[in-house]
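Undergrad: Pasting a structure here, questions to come.
The values are calculated or read from the model by the stated rules, or taken from the named source; none is laboratory data. What you are looking at is a predicted structure, and each value in this text was computed from that prediction instead of being measured. Glycine also receives a Cβ, built like all others from the backbone with ideal geometry; neighbour counts cover every protein chain displayed. When the accessible area is computed, the model is the full protein with side chains, heavy atoms only, and any ligands, DNA or RNA have been set aside. Shrake-Rupley method; radii C 1.70, N 1.55, O 1.52, S 1.80 Å.
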Amino acid sequence: MGFPMESLCPNREFNLRTLASSPVPKLPKPSSSRTPSTYRFASVRELRVCSEKKSPPDCGGCRSGFVGVESNGPRLLEKAALGFAAAAAATMISFNACDPPVLAESLTVAFPVSRAREVNTVQRTLVEAWGLIRESFFDPTFNHQDWDLKLQQTMVEMFPLKSADAAYSKISAMLATLGDPFTKIISPKEYQSFRIGSDGNLQGVGLFINVEPTSRNLVVLSCIEGSPADRAGIHEGDELIEIDGQSVAGIDAEAAAQKLRGRVGTSVVVKLSTETNQGSHSEVREVLLPREVIRLSPLSSTIISHKSRDGHESKTGYVRLAAFSQSAAAEMENAIQEMEDQGVQSYILDLRNNPGGLVKAGLDVAQIWLDGDETLVNTVDRDGNMLPINMVQGHAMTHDPLVVLVNEGSASASEILAGALHDNGRAILVGHKTFGKGKIQSVTELHDGSALFITVAKYLSPALHDIDQVGITPDIQCTPDALTSPKTSVSKDNGKASSLESDSCIMVAEHELEIQQSKGTAS
């Protein structure tokens, strides 16, 4: 398993991590100047673009389930037509808006068709991916390049290839020119693994990994508790160097995660670099990890009970959320209700090393803690249009004081949730600055079973803070010397709290909760 676990949204729906499946409400609408279109492949050699709203007889009907390009003028692919007219074998691509004749704009372009059947299939995937990018990529300049010309160039490079893998690499290379690491294509096999991971169960070693933005190295964000990686002593911040003797330099997190997954009973050897305590040098080691069924129950909880010097007993509910899977919100509701029934007076929500997941799950979790019509997050589309996503008559399960713990491993949906609770005055943030992933990806399954991830927008916190590549700075750094009120523990729920006593961030969080309780406030 591996990071990212992004929201999986069918077809054109946005997923408001990377590592993934319900649509997000109230998302940016295309500007009126665009005509979103769906397309169908009439044959291997013909592509027609038809308006979603209309399907006159001469269009032959537009198939649902495909999201395609917009037809907005004769400039569309005009450059791509140059140099191909005399090709011996060519695919004819006809673009037609299928609007009334006075508004119709069409262009037929000839492309050389590969004689290798599998490459020809990828050529179709190329056009499909190109159209999706052209319609919805968040940067309308496509990283300051001519996106129509880029299709022409990629078709030329793909034509002489003999294998699908080589052809897919050309699509990846085309996407890389956009300068956005989150816009990518994954193979059908990788996509199936991605979907399995988002459902909460997979076969692997229990690692969350991601590409560190500055060094571009693959680093460990966290391990699933009790997993093979956890038992082997792999820690947050360890750098992944090799998998089964093969270097991981230059590959993305999902490709590395695919290498780590496999059948139960098999094993994988990973080489890691770990910084020493002094940080002056690194230690390289190899670890043999067995693959097991990894059950991604994202939530664990306990009640920390304390008695102060004056004999007053207090109960703090501790909830750790490791990822935003489909069950996250429901599991949190159950945990909060149980703790409310046991008389908990304050809460600590631990999002440290939570790399994200289903952003809709993050929004659902936010509504457990918030009332009214608060803004949860703001989305900004490629035209700069900002649209807030608000609650609708929300009712919080509890108004008890809340502290949220974050660190550099808190990313994407974790940052959305932390920002929503903080900016709406519901929680204090304690810990270290978060990862800083503030872009939104859509995930579209293509005709051949592969999947295209496209960055379609960015998000801002309710207070309009830009998080991308910046992160969220917490209100309080977790340092032990901030404590002023010693306590004596009187009980620990299910033994889970025993390891919390030495966690400086949790101690600081408890201290802040005491202050809030003494003020009689809810946050």
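Undergrad: Here are some conditions: (1) open to solvent by less than 60 Å² (accessible area, probe 1.4 Å); (2) touching a strand residue (DSSP E or B) at 6+ places or on another chain (Cβ under 6 Å); (3) of a type outside the set (V, I, T); (4) within 25 Å of I185 (Cα to Cα). Q258 meets all but one. Which one does it not meet?
TA: Unmet for Q258, out of (1) open to solvent by less than 60 Å² (accessible area, probe 1.4 Å); (2) touching a strand residue (DSSP E or B) at 6+ places or on another chain (Cβ under 6 Å); (3) of a type outside the set (V, I, T); (4) within 25 Å of I185 (Cα to Cα): (2).
Undergrad: Of D244, D230, which residue is over 21 Å from the mean Cα position of the chain (by Cα), within 30 Å of K170 (Cα to Cα) and at pLDDT 90 or above?
TA: Within the list D244, D230, the selection yields D244.
Undergrad: Suppose we keep only residues that are under 20 Å from the mean Cα position of the chain (by Cα) and charged (D, E, K, R) within segment 459-477. Which one would you say is nearest to S410 (Cα to Cα)?
TA: D468
Undergrad: State the number of residues belonging to segment 388-402 that are open to solvent by less than 50 Å² (accessible area, probe 1.4 Å), over 25 Å from the mean Cα position of the chain (by Cα) and not charged (D, E, K, R).
TA: 5
Undergrad: Just to be sure I understand the filter: pairs with C-beta atoms under 9 Å, separated by 6 or more residues or on different chains, first member in segment 286-300 and open to solvent by 60 Å² or more (accessible area, probe 1.4 Å), second member among the charged types (D, E, K, R). Which pairs pass?
TA: Short answer, once both residue conditions are applied: E286/E242; E286/K271; S297/E331.
Undergrad: (1) at pLDDT below 95; (2) among the β-branched types (V, I, T); (3) surrounded by fewer than 21 Cβ atoms within 10 Å (Cβ to Cβ): which one isn't true of V443, the others all being true?
TA: (3)
Undergrad: Name the residues in segment 283-315 that are modelled with pLDDT of 90 or more and more than 31 Å from the chain's Cα centre (by Cα), would you?
TA: Listed by number, the residues that qualify are I304, K315.
Undergrad: Also: Are any residues in segment 362-387 open to solvent by less than 10 Å² (accessible area, probe 1.4 Å) and small (G, A, S), and if so, which ones?
TA: G362, A366
Undergrad: Give the residue, chosen from S193, S163, S172, that is modelled with pLDDT of 95 or more, among the polar types (S, T, N, Q) and either over 19 Å from S442 (Cα atoms) or touching a Lys or Arg at 6+ places or on another chain (Cβ under 9 Å) (or both).
TA: So the residue among S193, S163, S172 that is modelled with pLDDT of 95 or more, among the polar types (S, T, N, Q) and either over 19 Å from S442 (Cα atoms) or touching a Lys or Arg at 6+ places or on another chain (Cβ under 9 Å) (or both) is S172.
Undergrad: Kindly indicate which of V269, V220, V248 is in contact with a Phe, Trp or Tyr (Cβ under 8 Å, 6 or more places away or on another chain) and either buried (at least 24 other Cβ atoms within 10 Å of the Cβ) or not acidic (D, E) (or both).
TA: Checking each option against the conditions leaves just V220.
Undergrad: Can you name the residue in segment 319-333 that is open to solvent by 20 Å² or more (accessible area, probe 1.4 Å) and within 17 Å of M397 (Cα to Cα) and, of all such residues, is modelled with the highest pLDDT?
TA: E333
Undergrad: For R261, are the conditions met, namely being of a type in the set (K, R) and in contact with a Gly (Cβ under 7 Å, 6 or more places away or on another chain)?
TA: So R261 fits the description; yes.
Undergrad: Return the total of residues in segment 408-428 being surrounded by fewer than 24 Cβ atoms within 10 Å (Cβ to Cβ) and either of a type in the set (S, T, N, Q) or part of a strand (DSSP E or B) (or both).
TA: Qualifying residue count for the region: 2.
Undergrad: Mind telling me which of the residues F453, F435 ends up being in a loop (DSSP other than H, G, I, E, B) and either over 23 Å from R134 (Cβ atoms) or in contact with a Ser or Thr (Cβ under 8 Å, 6 or more places away or on another chain) (or both)?
TA: Answer to the selection: F435.
Undergrad: Of everything in segment 146-170, what is open to solvent by 30 Å² or more (accessible area, probe 1.4 Å) and touching an Asp or Glu at 6+ places or on another chain (Cβ under 6 Å)? Give them in sequence order.
TA: K170
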